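Below is one structure, written out as C-alpha cells, with a few remarks after it.
Only the coordinates and a few stated rules stand behind these numbers; no lab work does. Treat the numbers as computed from the prediction; the structure is a model and nothing was measured. Note that each Cβ is placed from the backbone with ideal geometry, even for glycine, and that neighbours are counted across all protein chains shown.
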Amino acid sequence: MSAWLANAIEKSHSVNDWLTAKRQGALALLQEKNWPGRKTEDWKYTSVRALEKRAISSAANAGEVNVATIAGLEAIELHFIDGHFQGVKQSLPEGLSIVELSKADAEVQAWAVEAFSACKPKKHLFGLINDTLADNGLVIDVAEGADIKQPMRIVNEITQDIDVQHRVLVRLGEGAKATVIEQAGGTQESYFSGFAEYFLAEKAALEHYRFCLRTGKALSIGGSHFELKSNAQINSTLVGFGSELSRLDVDVMHRGEGAHAKINAVYLLDSGEIFDLHSCIEHEIGHCTTDETVRGIVGDKATATFNGRIHIHRDAQKTLAELSNKNLLLTDNAQINTKPELEIYADDVRCAHGATVAELDKSALYYLTSRGVSKSQALVMLNFGFINALVDEMPNSALAEWLRPQLQERFAKMNQEPAQA
C-alpha cells in the first residue's frame, strides 16, 4: 500500500457527518482494493507514481485568485478556491436549489444521502477515496418541469500544495432542463479529486461540460457519472489537458426506455504529459441510444489512454450505440493506448465502434507552407481542424468561443519536434 493511500484511510476514520454511513461503506470496500500498478488492467498504461508519496493536506484558508468570467455567458457562478466555497453571488431562479455539501439541511439530506455514490460504480478506487474524504461540494436540485436558462458554472482553483476532495450531486426532476459546467484549472503542484453524480428523471435534459484544464504538476483524478430514466437525455462535452497525472472516468447508466446520451471528448497533450480517459456506457434497458465521439492530439513523449466500453445488457433490445476514437500523433515519441469495446448480449441492436491513430499529414503541411503560411501557424491550423468539428457541436456558443483561443494557444506551445537527447 502506498503512503498516500494509507494516509487517506487513516484520515477517513476521523470524518463524522451526515454521510458517515456511506463513508464507512466506501471505506470497507476501499480496504479491499490494491494500489494500482502495471498489472491493474484499468491502470496499466497510467502510472500513479506522482501521487503515491504525497502527504495529504488541506488549506486552512483560501488563497487569493480572480476567477475570470466568460464573455457572453450569463452563468450562475459557483467558485471553490483551495476547496473553500465562495458562496452563491446571484439570486437563483424558481425551481433551483443549490446547497453546500457541508450545510445540507434534513430535507436535502433525505434524498442526497441515497444518491451519494449511487451511480458512481464501486470499482473506482479513487472514487471510493473521494467517498470517504469529500468535505466540500454542492447538492443541486432542479424541480420537476423547471427550465433553468442560466448555466451553473462550478469552478475549482487551487493555489497551494494541497489535496482537495470535491463532490457534486445533481438531481433533475421530471421534464426539467439545466446546464452544468465543471471546470478545474491551474498549474500549482497539488492534487484535485472531483467526482460528480447526475440523476435525470423521466424526460429531463442536461447540457453538460467538463473542462479538465490542470497542467504541469497539478494532479487530477475524477469522474462524471450519469443515471438516465425514460426519455432523459444528456449532451456532454469533455475537454482534457495533460499533466503529470490526469485521469477522468465517465459512466452513463441507461435505466429507462428512450434515453439518449451524446458525448463528445477532446484531449490535448503537451510534451511529457499524461491523460487517461475511461468511459463506460451501460445499456441496461432497450430502445436507448448513445453517440460517443472522442478525438485526441498527443505531443512529444506524451501518453494518452482511452478506454471506451459500451455494454449492451440482455434485455436492451433495439439499442443504437456508436463509438469513435481518432488520434493524431505529433511525433514518433508520442503514444496513444486506445481500446474501444463493445460487449453485446442482446441480438436486436445496431452498434459500431472504431479507433484510428495517425500522424500529421505532411503533404497538407507542405501545401500551406508553400503558400506563405508559417510552419507554426500551419501546424495550429491543421491541428485545430482535427477537432474543430467537435467544438462547433458545443450547444453553447459562448463556451465554444471561450475555448477556441485556449486550444489554439495550446497548439502553438505544443512541441512539434522530437526533444533532443
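Descriptive notes on the structure:
- Rounded FRET efficiency, nearest 0.05, which uses the C-beta distance separating S374 from S47 and R0 of 41 Å: 0.65
- Linear extension gain, E189 paired with A21, 0.36 nm per residue minus alpha-carbon span: 57.2 nm
- P(r) of segment 21-130 over all Cα-Cα pairs, binned every 10 Å from zero, in whole percent: 10, 26, 33, 25, 6, 0
- The value of relative contact order for the chain, using C-alpha pairs under 8 Å at least six residues apart, is 10 percent.
- Estimated Rh, the chain: Kirkwood, alpha-carbon pairs, angstrom: 22.0
- Whichever lysines have a C-alpha closer than 27 Å to that of K103, once near sequence neighbours (fewer than 8 apart) are set aside: K11, K22, K89, K120, K122, K149, K177
- Per-pair calculated FRET efficiency, R0 = 22 Å: A412 and K217 via Cβ, rounded to 0.05: 0.50
- Gyration tensor over alpha-carbon atoms, segment 43-96, equivalent ellipsoid semi-axes in Å: 33, 17, 12
- Paramagnetic label zone (point 7 Å from Cα along Cα-to-C-beta, H84; backbone N under 16 Å) in segment 55-76: 58-67
- Once you reduce segment 3-42 and segment 103-119 to the center of their Cα atoms, the two points are 20 Å from each other.
- Potential extension, K11-L320 segment - 0.36 nm per residue separation minus Cα distance: 106.8 nm
- Size descriptors for segment 218-308: radius of gyration and Dmax over Cα atoms are 14.5, 45 Å.
- Taking every C-alpha pair closer than 8 Å and separated by at least 6 residues, the mean separation divided by the residue count of segment 192-351 gives a relative contact order of 18 percent.
- In percent, rounded to a whole number, the relative contact order of segment 85-200 is 29, using alpha-carbon pairs under 8 Å and six or more apart.
- Computed over segment 294-421, the quotient of the alpha carbon radius of gyration and 2.2 N^0.38 Å is 1.30.
- Taking 0.36 nm per residue of sequence separation and removing the Cα-Cα distance, the F384/V65 pair yields an extension gain of 111.8 nm.
- Number of Lys-Lys pairs in segment 230-343 with C-alpha atoms under 23 Å apart and a separation of 8 or more places or on different chains: 6.
- Debye log10 I(q)/I(0) at q = 0.15, 0.22, 0.23 Å⁻¹ for segment 270-350, Cα point scatterers: -0.57, -0.88, -0.93
- Computed from Cα atoms alone, the Kirkwood hydrodynamic radius reported for segment 223-369 is 16.0 Å.
- Cross-link reach list, aspartates and glutamates versus K203, counting only Cα pairs under 20 Å and skipping chain neighbours closer than eight places: E94, D141, E144, D147, E174, E227, D251, E257, E282, E284, D291
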